[in-house]
């Protein structure tokens, strides 16, 4: 076990040194993901955000004090919004859905609508949990991912959005039931093999 940990640590240190060599001479600090230590730290936090500071520092290849400082900088700048559990709602008897929509060109009123949706103000009940909300570019303008106790609860939430924001929608929003999640928040489904259950039977 000790040999394995030493090997992993050596790999991390080599990665950090390799990326540091790419910095301009005289540079003392890189910004954002150009900083190899920041890049590694974000990867490690996405794997396990509740790990100890000692473990995180060892994985990144820096001292505990520097690790704490860089982590706090990411949190204070809102580069890291927070930490949350990745939940398999199907295991709890719930279902997940997506709503995709087209809305009018962005205005103050439309922005307020998106802020309200993103904050989950419409879903503070025991039947709905809003997971993600995005303002997008492309064929559609907005995507909302949410979990619902059942299809009836999902349909009620969908209809609530349609009634409250009918003046903003260009066309009728589309609701989809998510049959299987392969990845969420950078984490693969630990039961990824179950996707085979969706394969249709050939007569």
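Every number here is computed from the coordinates shown, using simple stated rules; none is lab data. Just so we're clear, the structure is a prediction, and the values are computed from it rather than from any experiment. When we count neighbours, we look across all protein chains shown, and the Cβ atoms used for this are built from the backbone with ideal geometry, even at glycine.
Side notes on the structure shown:
- Extension reserve of the residue 52-residue 155 stretch, reckoned as 0.36 nm per residue once the Cα distance is removed: 32.9 nm
- Per-peptide average of other Cβ atoms within 10 Å, ordering 188-197, 142-151, 162-171 highest first: 142-151, 162-171, 188-197
- Percentage relative contact order, segment 89-193, counting C-alpha pairs under 8 Å, at least six apart: 37 percent
- For segment 89-193, the percent of C-alpha pairs falling in each 10 Å distance bin, counted from 0 to the bin holding the largest distance, reads 13, 48, 30, 9, 1.
- The ranking of 110, 202 from fewest to most other beta carbons within 10 Å of each one's beta carbon is 202, 110.
- Arranged from fewest to most other beta-carbon atoms within 10 Å of their beta carbon, 201, 34 become 201, 34.
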